[in-house]
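Chemist: Before anything else, here's the structure in question.
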């Protein structure tokens, strides 16, 4: 390995600070944001594969393909859309994973290179707020699973305390119990997160496979959905396909930004990349296919399609089976919620206030904002959930991804000044900690991408929001940085 004044560069390309204790007085540094020492980067290929397997095995993935079929797609068109969307989003995920493993830094610290040491709070908090919304959605789903479980034990549970705000009061109690379980795991730290993902990945996959076998056997076949060719002609299909593809990309566009939060613990670039390449597209497609098979079989078994696995699990008369089914849903939802919707915002809030907020407090803030965003309202209307929520935020996150990727890969060629990421007067100070080029590019990309949500003539652009945001911000950022503005200069590490 070679050594320089502030860093140690290892033969495998990973870099660490030589003496991080010299940064402890910096307002940009705390233990949760500090670069992970090489000796502590222990995540393997299986850890990353398990991470994606457990995150993909969630209720929204299960119901995604059935939702596309409801729009008129055939089962193979729905699965093809999901597979293509996940292959596309895998590219920015892998590109933004690299700095995490190389430098051991989380997403908000990585964003300081492009946005500035203070400006990085803009993309970090944008990502954090979306994660808070997802946290609330998954907490509501997990609470619904607990509600079904309690009702199977005590049939009078749902009417025990009357109703409140349109739902059974016990539904709110179940929601808060599941919410509290998430917070408890947050306070135990990242090592428990890793163990949870390792357990959840095989457990949920096996239990879903058992449900598939039961469905096929009980229905004496795959059912009518699997035999349907869809109802859309070529023109109608494209009108449905474009926003569906954007929504599929938007589903994981959040992780396309903050994968450094996980890859900072990786043993090597090869292991983290292989784990993600193998697990993400395949798992999303296979699990969505399982959802299609089971939903199709319910048409024969129950005389109507049941696309909600929680509702399906509650229809079994055997309490043990209901308990196992709901435990599976709780484990699946808990795993995806902690990994996808807590780790990032906890770090993001810590980045905004390093001296006042650590990972645990950031996680608690995430949970509280998740409640304030009223997830029951986001889930009340499918059109609001897909076209408003998924498609809407994908344009904003696509614009951030465009800036980060161009800055790291094209302009800096993967070379960062690690120490300067933690001090105000270093290479990424720009104009008092803000890089105008990054902010202008992000604002332009997100603004144009989202314009169609408010102005009908621009609606076709809104349907492509992630692509518009990504490519517009990437191109504009490159142009602005090439102008070599004194407030947007590129400084290479010593």
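Chemist: FRET efficiency for residue 37 and residue 209, Cβ-Cβ distance as r, R0 = 35 Å, nearest 0.05?
Modeler: 0.35
Chemist: A further question follows. Okay, which of the range 459-479 sit inside 15 Å, backbone N to the point 7 Å along the Cα-Cβ direction of residue 242?
Modeler: Under 15 Å, as judged by backbone N against the label point of residue 242, lie 459-469 of the range 459-479.
Chemist: Rounding to the nearest 10 and keeping the result within 0 to 90°, find how far the Cα-based axis of helix 391-405 lies from the longest principal axis of the chain.
Modeler: Computed tilt is about 30 degrees.
Chemist: Tilt of helix 465-482 relative to the longest C-alpha principal axis of the chain, in degrees (0 to 90, nearest 10)?
Modeler: 0
Chemist: What 222 nm value per residue comes from the helices of the chain, counting each DSSP H run with n ≥ 4 as -39,500 (n - 2.57) and dividing by all residues, nearest 500 deg cm²/dmol?
Modeler: -21000 deg cm²/dmol
Chemist: While we're here: As an exercise, use a Förster radius of 25 Å and the Cβ-Cβ distance of residue 44 and residue 415 to find the FRET efficiency, rounded to the nearest 0.05.
Modeler: 0.40
Chemist: Another one. Rounded, prolate or oblate: which one fits the range 285-421, using the alpha carbon gyration tensor with axes a ≥ b ≥ c (rounded when a/c is under 1.5, else prolate when a/b beats b/c, else oblate)?
Modeler: prolate
Chemist: Based on Cα positions only, what radius of gyration and what Dmax would you give for the range 41-381, in angstroms?
Modeler: 20.1, 61
Chemist: Say each of residue 268 and residue 229 gets a label point 7 Å from the Cα, pointing the same way as Cα to Cβ; how far apart are those two points in nm?
Modeler: 5.0
Chemist: Given an 8 Å cut-off on Cα distances and at least 6 residues of separation, report the relative contact order of the chain as a percent.
Modeler: 28 percent.
Chemist: Hey, what angle do you get for helix 343-352 against the long axis of the chain, alpha-carbon based, 0 to 90 degrees rounded to 10?
Modeler: 40
Chemist: Something else: Determine, from the Cβ-Cβ distance of residue 479 and residue 455 and an R0 of 22 Å, the FRET efficiency 1/(1 + (r/R0)^6), rounded to the nearest 0.05.
Modeler: So the FRET efficiency works out to roughly 0.30.
Chemist: Sequence gap at least 6, Cα distance under 8 Å: using those rules, report the relative contact order of the range 198-301 to the nearest whole percent.
Modeler: Relative contact order of the range 198-301: 68 percent.
Read the figures in this text as sums done on the coordinates, not as results from a lab. All values derive from a computational prediction rather than experimental measurement. No Cβ is skipped: glycine too gets one built from the backbone with ideal geometry, and neighbour counts run over all protein chains shown.
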